[in-house]
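*Asks:* Got a structure for you, written out below as structure tokens; questions coming shortly.
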Amino acid sequence: MSLVIFKLQTLLKTFHKGPPKVRTQISLAVAALAVHVPADDWGDGGIINWLRDEMNSHPEFIPSFLELLRVFPEEEFNYKIAARPDRRRQFEKELASAIDTALNILTACLNINELKEQVLEAFASWLRLRHRIPASTLSSHPLVLAALSSLNSEILSEASVNVISELIHYTAARNSGGVSSELALIQVIVPQVMSLKPQLRDPSKDEEDIKAIARLFSDMGDAYVELIATGSDESMLIVHALLEVASHPEFDIASMTFNFWHNLQMILTERESYLACGNETSIEAEKTRRLQVFRSSYESLVSLVTFRVQYPPDYFDISMEDQRDFKQTRYAVADVLIDAALILGGEPTLKILYMKLVEAISHCGKDQNSDWRPAEAALYCIKAISDYVSDIEAEVMPQIMSLLPKLPNQPQLLQTVCLTIGAYSKWLDAASNGFSYLPTLIDILVRGMSMCEDSAAAAALAFRHICNDCKKKLCGSLDGLFQIYQTAVIGEGPFKVSAEDSLHLVEALSMVITELPSEHAKKALEAVCLPSVAPLQEMINQGPQVLGQKNARELTVHFDRLANIFRYVNHPEAVADAIQRLWPIFKAIFDVRAWDMRTMESLCRACKNAVRTSKRLMGVTIGAMLEEIQGLYGQHHQPCFLYLSSEVIKIFGSDPSCANYLKVLIESLFSHTACLLTKIQDFTSRPDIADDCFLLASRCIRYCPQLFFPSTVFPSLVDCAMIGITVQHREACNSILNFVSDIFDLANSTNGESCLSIRDSVIIPRGPTITRILVACLTGALPSSRLETVTYALLALTRAYGLKALEWAKECVSLIPSTAVTELERTRFLQALSDAASGANMNGLVVPIDEISEVCRRNRTVQEIVQGALRPLDLNIVAVS
């Protein structure tokens, strides 16, 4: 190791005047070595003392050594360095104990003028460690004073800004004892930053300088938001500065403050912020006072941000990327307006935006060539706060609704008008005169459906919202709604509604039908299904050969609509009658197109929604449906047959009258699936089948364990899970892990306790292998993103089998060589499992489990050693303790 250290030292000195990137890479290598190598190996006092001595002995190499000093704190957080957790914690302590020495080195280097930037960057890096240095020390520290003095120089120093930014966050760090304990330092920083406010409007300053100043104000807002929320005169000075930043024409600069306005809103509106006030009266009084203090600031904020959502004049000529950025800008402004509405109230915010709309309309003619953009921007903002405006607001909303028909017939404006109508659908239902606007507004939506695809999509969505919220009032207008629906879904009229967006209209009409009496609902349901049923029947009438050659989309567009109808028409008996009438059509398509995954998925979704709505009213149809998919699954292995069966199990699993045919279904589906998935490559090539199979199995455990566990397929399904548990596909892997967890948690399932003996007879003989596979998953066989799910499964196994599981775990961790895992790490891991077996809270057991996972994944070589020892794909190895 000393030879490596020597060579890296030599390189650092050799390239002390070399390219900065090379120096940085060498410094990173030395820092990475320091993370691994204990302090004693660097001589007396550790690496920082070694560095100090080297700088004293070789002053000509100081720039290289400063670069090294800068990267040390950064590497503490670099988890790509494959250090053990214990060593990483020790390295953190070593840096913490050396911070005084590091700052003394940097202070000594301040006298070298050409190194000042480098010194300050290194100082900022050490501040990120957040180790406690007394505020009284920092407030008069030469490094702090040097950074503050640089703020007033003609050319703003980036390093100084970084230092001040870190100091701001340093004073607000959670482990500092709170802002109040850092007042000595805050009182030095804040006046210096506040003195920069005039420069925000200085035209001689370039954009980068303005951005740096804005960043400091934003950092102060974010760090001291709790202090600012008290509404003191001093804190309002920062608020006014942040409003100044928010007014900057460049969105990238103005948006730096958005996080502050949100956090301030959270503190001002949440009750927890006022608990120190004592009783309820005092809490309400203080909350009212603070909201009043910040009222004018949020009113100003609303006025400052609304113009940013206005379409640029050249919007249609800019790149797709710039258009996406503009949309993100609109979303960000909408969030700010919501924050403002929570402080000011929905109605006062609405009034501000309404005045902007009136002003915009006064400059906007009715022709398409007039400037529609300001009106569209105001409407977009009005739409953004819809959830915060009272449903019975009677002053402004009627005026807005009266203005909408008068706006120009411009595509983007019409799109926003439609979205605004949809956003205020609850108001249209609840307001005393809301219903009177509906005919005119529906006419606007019809116009939107005819204008272009974007406005048609907005109109279809708005139509859905209106029918959902005003469904009781619209029952008497069903004929007119049917006409709109038919024109859209048949596609023969002027509407430009896509097949996907037409689903909104399907849902809309279905929701209105739900409000009809049962006898009328059946007829209405038949009528709403007809535009989808008729084309399907026509295709079937052309014969099996023609039907088999149809493009899948010709069929799925109709099944998708039927699926939504069955989902949203909440008349179980009517849906049961409909599915019974339609079953011959469904069966014909099942028989001819069972090979076609897309068609089967869409058809099964329609069946699933019908089952979910009708439940036990489906009668004989459910038996015919299950018989059909049971027979077809053996031939075509469509995963959607499994998820349709999952819905059936959920609804009928506990019904004794269905036990016989459900038992046959379960055994048939699982036996076929187990034959398909006999090796890990099968899981990799068909993860969809694995996913749906084990989702179905988990449903069986929850809803019909009395059928599932005694069945002949249970042992083979456990073996199948053991083979496929290391599949890399996320959803399939999670389904398998959840399945084994559900087995271990069986006692929590309805009727589960009666099946425990059967479960144990299958699991206990396989226990050592299951444990070994789970430990292998934990230590690298699966990605670390799966760690939480694997950990739960392992702890569930331990809780279920106690001392047996501990013995299994001891056997498998004994397989891992000591070069990969130390005895201490092994012991901690086993102790966590022992605590789990004793009933300890899971949250306290995660750290040692995470640590053994991290240790075994620390580099590829170690990971390969561990996986080679545990061999998760081999179900037959024997552990030797």
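The values are calculated or read from the model by the stated rules, or taken from the named source; none is laboratory data. Only a predicted model underlies this, so the values are computations on that prediction, with no experimental measurement involved. Using ideal geometry, Cβ is built from the backbone for each residue, glycine included, and neighbour counts are taken over all protein chains shown. Each accessible area value is taken on the protein alone, full model and side chains, heavy atoms only, with ligands, DNA and RNA left out. Shrake-Rupley method; radii C 1.70, N 1.55, O 1.52, S 1.80 Å.
*Asks:* Among the numbered conditions (1) open to solvent by 10 Å² or more (accessible area, probe 1.4 Å); (2) without any contact (Cβ under 8 Å) to a residue 60 or more places away in the chain; (3) assigned to a helix (DSSP H, G or I), tell me where Lys205 comes up short.
*Replies:* Failed condition: (3).
*Asks:* As an exercise: evaluate Ile444 against (1) under 35 Å from the mean Cα position of the chain (by Cα); (2) within 30 Å of Gln399 (Cα to Cα); (3) modelled with pLDDT of 95 or more and give the number of the one condition it does not meet.
*Replies:* (1)
*Asks:* Looking only at the range 627-669, filter to residues that are within 19 Å of Ala578 (Cβ to Cβ) and surrounded by fewer than 22 Cβ atoms within 10 Å (Cβ to Cβ); which one of those is farthest from the chain's Cα centre (by Cα)?
*Replies:* Only one residue fits best here, namely Glu628.
*Asks:* Turning to a different aspect of this structure: I'm told Ile770 meets every condition in (1) in a helix (DSSP H, G or I); (2) modelled with pLDDT under 95 except one. Can you identify the failing condition by its number?
*Replies:* (2)
*Asks:* Another question about this same structure. Tell me, yes or no, whether the range 492-500 has at least one residue that is among the aliphatic types (A, V, I, L, M) and over 23 Å from Trp427 (Cβ atoms).
*Replies:* Yes: one or more hits.
*Asks:* Working only within the range 36-48, note down all residues that are open to solvent by 30 Å² or more (accessible area, probe 1.4 Å) and either modelled with pLDDT of 80 or more or of a type in the set (D, E, K, R) (or both).
*Replies:* Asp40, Asp41, Asp44
*Asks:* Select from the range 332-354 the residues that are small (Gly, Ala, Ser) and free of Cβ contacts under 8 Å to residues at least 60 places away in the same chain and list them in ascending order.
*Replies:* Ala334, Ala341, Gly345, Gly346
*Asks:* Regarding the range 308-331, can at least one residue be identified that is part of a helix (DSSP H, G or I), open to solvent by 50 Å² or more (accessible area, probe 1.4 Å) and in contact (Cβ under 8 Å) with a residue 24 or more places away in the chain?
*Replies:* Within the range 308-331, not a single residue is part of a helix (DSSP H, G or I), open to solvent by 50 Å² or more (accessible area, probe 1.4 Å) and in contact (Cβ under 8 Å) with a residue 24 or more places away in the chain.
*Asks:* In the range 390-446, what residues are more than 20 Å from Ala375 (Cα to Cα), not hydrophobic (A, V, I, L, M, F, W, C) and not in a helix (DSSP H, G or I)?
*Replies:* Once the filter is applied, which keeps residues that are more than 20 Å from Ala375 (Cα to Cα), not hydrophobic (A, V, I, L, M, F, W, C) and not in a helix (DSSP H, G or I), the range 390-446 yields Ser390, Asp391, Glu393, Ser432, Asn433.
*Asks:* Quick check on my filter: what residues within the range 236-258 are of a type in the set (S, T, N, Q) and open to solvent by 10 Å² or more (accessible area, probe 1.4 Å)?
*Replies:* Ser247, Ser255
*Asks:* Need the failing condition index for Ala184 against (1) crowded, with 19+ Cβ neighbours inside 10 Å; (2) assigned to a helix (DSSP H, G or I); (3) modelled with pLDDT under 85, just the number.
*Replies:* All conditions are met except number (1).
*Asks:* On to the next question. Taking Phe694, is it open to solvent by less than 10 Å² (accessible area, probe 1.4 Å), modelled with pLDDT of 95 or more and under 18 Å from Arg730 (Cα atoms)?
*Replies:* For Phe694, the condition - open to solvent by less than 10 Å² (accessible area, probe 1.4 Å), modelled with pLDDT of 95 or more and under 18 Å from Arg730 (Cα atoms) - is met.
*Asks:* Checking the structure you have, find out if any residue of the range 844-864 is open to solvent by 70 Å² or more (accessible area, probe 1.4 Å), closer than 22 Å to Gln728 by Cβ and of a type in the set (D, E, K, R).
*Replies:* yes
*Asks:* Something else about it: Here is a list of conditions, (1) open to solvent by less than 40 Å² (accessible area, probe 1.4 Å); (2) more than 19 Å from Ala39 (Cα to Cα), and Ser57 meets all of them except one; can you say which number that is?
*Replies:* With (1) open to solvent by less than 40 Å² (accessible area, probe 1.4 Å); (2) more than 19 Å from Ala39 (Cα to Cα) applied to Ser57, the lone miss is (1).
*Asks:* Okay, moving on. So Lys116 clears everything in (1) over 19 Å from Ala34 (Cβ atoms); (2) open to solvent by less than 50 Å² (accessible area, probe 1.4 Å); (3) modelled with pLDDT of 80 or more except one condition, right? Which one?
*Replies:* Only one criterion is unmet by Lys116, namely (2).
*Asks:* If the Cβ limit is 7 Å and pairs must be 6+ apart or interchain, which residue in the range 412-426 that is open to solvent by less than 30 Å² (accessible area, probe 1.4 Å) pairs with which residue that is assigned to a helix (DSSP H, G or I) and among the aromatic types (Phe, Trp, Tyr)?
*Replies:* These pairs meet every condition: Thr416/Tyr380.
*Asks:* Mind checking which residues of the range 225-271 are within 23 Å of Glu284 (Cα to Cα), under 31 Å from the mean Cα position of the chain (by Cα) and not in a helix (DSSP H, G or I)?
*Replies:* Ala229, Glu270 - these are the residues of the range 225-271 that are within 23 Å of Glu284 (Cα to Cα), under 31 Å from the mean Cα position of the chain (by Cα) and not in a helix (DSSP H, G or I).
*Asks:* Report, by residue number, each residue of the range 651-663 that is part of a helix (DSSP H, G or I) and touching a Leu at 6+ places or on another chain (Cβ under 9 Å).
*Replies:* Phe652, Ala659, Tyr661, Leu662, Lys663
*Asks:* I'd like the residue in the range 19-35 that is open to solvent by 70 Å² or more (accessible area, probe 1.4 Å) and part of a helix (DSSP H, G or I) and, out of all such residues, is nearest to Arg89 (Cα to Cα).
*Replies:* If we take residues in the range 19-35 being open to solvent by 70 Å² or more (accessible area, probe 1.4 Å) and part of a helix (DSSP H, G or I), then Gln25 is nearest to Arg89 (Cα to Cα).
*Asks:* Follow-up question, since we're still on this one. Just to be sure I understand, how many residues within the range 675-730 are β-branched (Val, Ile, Thr) and not in a loop (DSSP other than H, G, I, E, B)?
*Replies:* Total satisfying the criteria: 7.
*Asks:* Same structure, new question: Are there any pairs with C-beta distances below 9 angstrom linking a residue in the range 633-655 that is on the phi > 0 side of the Ramachandran plot to a residue that is open to solvent by less than 10 Å² (accessible area, probe 1.4 Å), with the two at least 6 apart or on different chains, and if so which?
*Replies:* Listed pairs, sorted by first residue: His637/Thr673; His637/Ile689.
*Asks:* Look through Val144, Val179 and report the one residue that is surrounded by fewer than 20 Cβ atoms within 10 Å (Cβ to Cβ) and either at pLDDT 85 or above or within 37 Å of the chain's Cα centre (by Cα) (or both).
*Replies:* The conditions single out Val179.
*Asks:* Looking at the range 734-771 only, could you name the residues that are farther than 15 Å from Ile701 by Cβ and either open to solvent by less than 10 Å² (accessible area, probe 1.4 Å) or free of Cβ contacts under 8 Å to residues at least 24 places away in the same chain (or both)?
*Replies:* Selection gives Ser757, Ser761, Pro765, Gly767, Thr771.
*Asks:* Something else about it: Within the range 73-88, can you find the residues that are part of a helix (DSSP H, G or I), at pLDDT below 80 and open to solvent by 40 Å² or more (accessible area, probe 1.4 Å)?
*Replies:* Asp86
*Asks:* Let me ask another. Look at the range 60-72 and say how many of its residues are open to solvent by 30 Å² or more (accessible area, probe 1.4 Å), touching a helix residue (DSSP H, G or I) at 6+ places or on another chain (Cβ under 7 Å) and of a type in the set (D, E, K, R).
*Replies:* Number satisfying all stated conditions: 1.
Per-residue answers, yes or no, for (1) at pLDDT 95 or above; (2) touching a Lys or Arg at 6+ places or on another chain (Cβ under 7 Å); (3) farther than 25 Å from Gly653 by Cβ:
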residue: His729; (1), (2), (3): yes, no, yes
residue: Asn738; (1), (2), (3): yes, no, no
residue: Asn748; (1), (2), (3): no, no, no
residue: Gly752; (1), (2), (3): no, no, no
residue: Leu787; (1), (2), (3): no, no, yes
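*Asks:* Does the range 119-141 hold any residues that are open to solvent by less than 70 Å² (accessible area, probe 1.4 Å) and free of Cβ contacts under 8 Å to residues at least 40 places away in the same chain, and which are they?
*Replies:* Of everything in the range 119-141, those that are open to solvent by less than 70 Å² (accessible area, probe 1.4 Å) and free of Cβ contacts under 8 Å to residues at least 40 places away in the same chain turn out to be His131, Ile133, Thr137, His141.
*Asks:* Against the definition (assigned to a helix (DSSP H, G or I) and under 27 Å from Leu183 (Cβ atoms)), how does Ser64 come out, yes or no?
*Replies:* Considered against the rule, which asks whether it is assigned to a helix (DSSP H, G or I) and under 27 Å from Leu183 (Cβ atoms), Ser64 comes out as no.
*Asks:* Are there any pairs with C-beta distances below 8 angstrom linking a residue in the range 76-103 that is closer than 15 Å to Val30 by Cα to a residue that is at pLDDT 80 or above and exposed (fewer than 14 other Cβ atoms within 10 Å of the Cβ), with the two at least 6 apart or on different chains, and if so which?
*Replies:* Hits for this filter: Ala82/Asn859.
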